[in-house]
1. Which peptide among 16-24, 83-91 comes first, and what is the full order, when sorted by highest mean count of other Cβ atoms within 10 Å?
2. Just to confirm the filter: which trypsin sites (Lys or Arg not before Pro) across segment 30-73 are DSSP coil and have at most 11 other Cβ within 10 angstrom of their Cβ?
3. Determine the calculated [θ] at 222 nm for the chain from helices alone, applying -39500 (n - 2.57) to every DSSP H run no shorter than 4 residues and normalising by the residue count; nearest 500 deg cm²/dmol.
4. Give the aspartates and glutamates reachable from Lys53 as a straight Cα distance under 20 Å; neighbours fewer than 8 places away on the same chain don't count.
5. So what is the relative contact order for the chain, in percent, with contacts set as C-alpha pairs under 8 Å and at least six apart?
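What follows is calculated from the coordinates using simple rules that are stated; it is not laboratory data. Just so you know, these numbers come straight off a predicted model, no measurement behind them. Every residue, glycine among them, receives a Cβ derived from its backbone with ideal geometry; neighbour counts consider all protein chains shown.
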Amino acid sequence: MEAEAPEASPAKSVSEELDALRAEFRSALSAYASRIEEEIGAIQAAANTIAAKKKIPAAQLRDLRDMLTVLRKFSIKPEKGRRKDLKKIDALVGDLTMLIEHW
């Protein structure tokens, strides 16, 4: 019987590396999803804080209307699982965050 050397079976090594890649992908995806969820939560909290005020300043009211327009026009096809949809979500969250930063 031959002793199995580390490079004796490249196919097995590739399979093991792919397992590691899959685990890293899932970890990165989880971290990305957590970050986006946190940012959306911060935006929502800021909007709720403004909504609780009796008189909303004109600039914030304008920002809220802009946010509403952007959110209503936003469209992706999540069932396709495309990277460009994730980029769109990331860009939208970034734009909304910029609007609330000066509140």
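1. My ranking of the peptides, most packed first, is 83-91, 16-24.
2. Loop-located and lightly packed - Lys53, Lys54, Lys55.
3. -26500 deg cm²/dmol
4. Within the straight-line limit of under 20 Å, Lys53 reaches these aspartates and glutamates: Asp63, Asp66, Glu101.
5. Value for the chain: 32 percent.
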